[in-house]
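For reference, the structure discussed in these notes is given below.
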Amino acid sequence: MSSKPILFSGMAPSADSLQIGNYIGALLQWKEMQQANDAIFCVVDLHAITVPQDPAGLPDHTRRTAAQYIAAGIDPTMSILFVQSHVSAHTELAWILNTITGFGEASRMTQFKDKAAKQGTEAASLGLFAYPTLMAADILLYDTNVVPVGDDQKQHIELTRDLANRFNSRFGETFVIPEAIIMKETARIYDLQNPESKMSKTSASDSGVVWMMDEPSKTAKKIRSAVTDDDREIRFDRGAKPGVSNLLTILSAFTGTSVELLEQRFAGRGYGDLKGEVADAVVSTFEPIRSRALELLDDPSELDRILAVNAERAEAIAQPMLAKVYDRVGLLPRVRR
Ligand code: ATP
Ligand code: LTN
């Protein structure tokens with residue numbers, strides 16, 4: 001590897017399309033950062049199965065997520081783009097990390113509390129509880145320096161840092177301590193119909209979610225029906241005007257124009273104008289991404305080949321790290337005959 005910082009990030013293949021929050025909060029940064037970093041991007045299918053899921057749909061969700069990474073600008077010959085379950089070191093390191101993670105500290109993870117509450121806490125799986133240690137394993141296997149994520153993942157990165165430090169002090173210097181990279185302005189995109197809650201792939205209702213793989217006309221219609229408020233001023237105010245603020249954030253991310261400039265430009269204009277511009281900006285960016293993703297999905301064996309090559313590249317880094325960890329914790333090496 002070169003002397004560039006190492007970047008790791010991932011998304012769960014929990015739906016057949018990514019949503020606009022994934023694009024703004026993650027993919028846009030990923031794409032920009034892959035030049036200056038040695039970047040590794042993972043489709044975290046083992047994380048996707050921590051909540052109830054349909055096994056018949058998962059292979060397709062996994063391929064579609066990978067195709068959308070590539071279509072949005074991730075280059076699988078420069079960066080490493082692979083599927084988590086293809087590299088067994090992830091689950092193996094996660095087990096080791098489980099043994100140094102406190103039940104109490106895992107219980108404080110807000111994503112676990114939120115996701116468990118959705119299913120009824122009694123029904124939540126041990127896998128969902130251990131989600132953060134698997135995520136820590138993803139990151140720590142690669143000597144990762146930076147982890148670009150949305151702000152909902154901040155707590156998990158802090159846990160990862162704690163675990164790395166704890167392991168290093170108990171067993172000797174092993175892991176690099178990673179840092180979260182969170183773009184403040186775009187760290188959280190909200191549901192268009194319910195602008196108090198985060199947009200996510202697995203929200204209960206579809207009407208407030210903007211999908212990357214939706215037909216342009218559907219996307220435009222959704223944006224035009226976004227919930228706003230009763231006064232007429234276009235101004236950023238998360239508390240008083242969550243719907244309008246969300247639209248401004250989205251437009252800012254898609255046009256590279258600051259929210260302040262947008263406020264000035266829209267002074268005296270109506271919500272219809274704002275929605276129209278947001279719809280145009282989103283459609284013109286997503287349209288070519290969608291077509292490219294569909295093209296890639298037309299040739300699943302080529303996509304599988306790309307993922308296979310990249311799994312080998314990832315494994316070549318992960319396996320020696322796992323061996324080092326096993327050695328540090330005192331596991332008796334298996335002698336190969
Ligand atoms: P799920 O519903 O399966 O939890 P999700 O849509 O919330 O999915 P993840 O796969 O958990 O998304 O997250 C992938 C990446 O996208 C992460 O870096 C996350 O922080 C970012 N992200 C997800 N939703 C948003 C959002 N609404 N705003 C900004 N970033 C987001
Ligand atoms: N939990 C993350 C997805 C994820 C991830 C990772 C992100 C799994 N492993 C490692 C960065 C680094 C999420 O976005 N929901």
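Yes or no, residue by residue, for (1) of a type in the set (A, V, I, L, M); (2) more than 28 Å from Leu126 (Cβ to Cβ); (3) in a helix (DSSP H, G or I); (4) more than 15 Å from ligand 2 (Cβ to nearest atom):
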position: Asp16; (1), (2), (3), (4): no, no, no, yes
position: Gln29; (1), (2), (3), (4): no, yes, yes, no
position: Glu32; (1), (2), (3), (4): no, yes, yes, yes
position: Ala39; (1), (2), (3), (4): yes, yes, no, no
position: Ala56; (1), (2), (3), (4): yes, no, no, yes
position: Ala67; (1), (2), (3), (4): yes, yes, yes, yes
position: Gly73; (1), (2), (3), (4): no, yes, no, yes
position: Glu92; (1), (2), (3), (4): no, no, yes, yes
Lone qualifier among Leu97, Leu126, Leu93 - being away from ligand 1 (no atom under 16 Å from the Cβ) and open to solvent by 30 Å² or more (accessible area, probe 1.4 Å): Leu126
Residue that is least open to solvent (accessible area, probe 1.4 Å) [pool: residues in segment 75-90 that are part of a loop (DSSP other than H, G, I, E, B) and closer than 29 Å to Ala124 by Cα]: Val87
Residue satisfying all of: in segment 1-19; among the aliphatic types (A, V, I, L, M) and over 15 Å from Thr65 (Cβ atoms); most open to solvent (accessible area, probe 1.4 Å) among these: Met1
Options Arg188, Arg232: the member that is of a type in the set (Lys, Arg) and either under 23 Å from Thr110 (Cα atoms) or modelled with pLDDT of 95 or more (or both): Arg188
Residues located in segment 141-159, provided they are within 10 Å of ligand 2 (Cβ to nearest atom) and modelled with pLDDT under 95: Pro148, Val149, Gly150, Asp152, Gln153
Residue that is of a type in the set (Val, Ile, Thr) and either closer than 19 Å to Thr202 by Cβ or in contact with a His (Cβ under 8 Å, 6 or more places away or on another chain) (or both), where the choices are Thr62, Thr91, Thr133, Thr99: Thr62
Segments classed as helices (runs of 4 or more DSSP H), wholly inside segment 110-183, with at least 2 members that are among the charged types (D, E, K, R) and out of contact with any helix residue (DSSP H, G or I) (no Cβ under 6 Å at 6 or more places or on another chain): 110-119, 154-171
Hits in segment 139-168 (condition: closer than 18 Å to Ala94 by Cα and surrounded by fewer than 17 Cβ atoms within 10 Å (Cβ to Cβ)): Gln155, Glu158, Asp162, Asn165, Arg166, Asn168
Test: residue in segment 212-224 that is closer than 20 Å to Leu28 by Cα, buried (at least 20 other Cβ atoms within 10 Å of the Cβ) and basic (Lys, Arg): no
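The values are calculated or read from the model by the stated rules, or taken from the named source; none is laboratory data. What you see is a predicted model; the values in this text were computed from it and never measured. Because the Cβ atoms are built from the backbone with ideal geometry, glycine has one as well, and the counts that use them run over all protein chains shown. Please note that ligands, DNA and RNA were not included when accessible areas were found on the heavy atoms of the full protein model with its side chains. Shrake-Rupley method; radii C 1.70, N 1.55, O 1.52, S 1.80 Å.
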